[in-house]
């Protein structure tokens with residue numbers, strides 16, 4: 001090889017490396033936490049559990065060995081749990097095997113007088129950030145509508161409200 005080729009090699013290598021590294025810096029996305037996963041949650045108000053089945057999409061959600069009503073089934077995980085003043089709240093992820101929208105969520109709130117289950121919600125994404133403030137339980141997930149937005153779902157014990165938020169404001 002000629003000495004001229006070695007002289008040009010560093011000049012060619014630097015732009016190539018810059019092109020490889022640039023997308024990582026230019027399009028920095030927020031890091032979404034990895035959701036925990038459990039199949040059982042013991043609370044003072046009863047034991048919430050995923051009852052497995054031979055068929056993968058037929059696991060059922062139960063409280064004290066009794067199926068919840070309305071029935072929740074699929075590939076289930078109890079992803080988050082929060083101690084509330086007079087209850088225990090758990091977020092359940094549900095994979096029904098639907099390729100178009102594989103993941104949805106429901107809140108289950110166990111209390112002395114029984115339990116409440118939220119309507120199904122979510123934007124079909126496993127990447128979530130979950131918080132509890134007062135009696136409001138919030139789930140945020142990347143929006144399917146716009147790359148610079150997040151979907152936010154807030155459950156107040158009765159209804160789930162959805163709104164679109166700016167990504168940059170939420171992940172500073």
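The values are calculated or read from the model by the stated rules, or taken from the named source; none is laboratory data. Worth saying up front: this structure is predicted, and the values here are computed from it rather than measured. Cβ: placed from backbone, ideal geometry, glycine included. Neighbour counts: every protein chain shown.
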Go through region 98-131 and give me each residue that's under 19 Å from residue 45 (Cα atoms) and either surrounded by fewer than 20 Cβ atoms within 10 Å (Cβ to Cβ) or more than 17 Å from the chain's Cα centre (by Cα) (or both).
109, 110, 111, 112, 113, 114, 115, 116, 117
Let me confirm something: among 12, 18, which residue is closer than 29 Å to residue 148 by Cβ, at pLDDT below 85 and either more than 23 Å from the chain's Cα centre (by Cα) or in a helix (DSSP H, G or I) (or both)?
18
Take region 34-49 and flag every residue that is more than 16 Å from residue 104 (Cα to Cα) and in contact (Cβ under 8 Å) with a residue 12 or more places away in the chain.
38, 39, 40, 41, 43, 44, 45, 46, 47, 48, 49
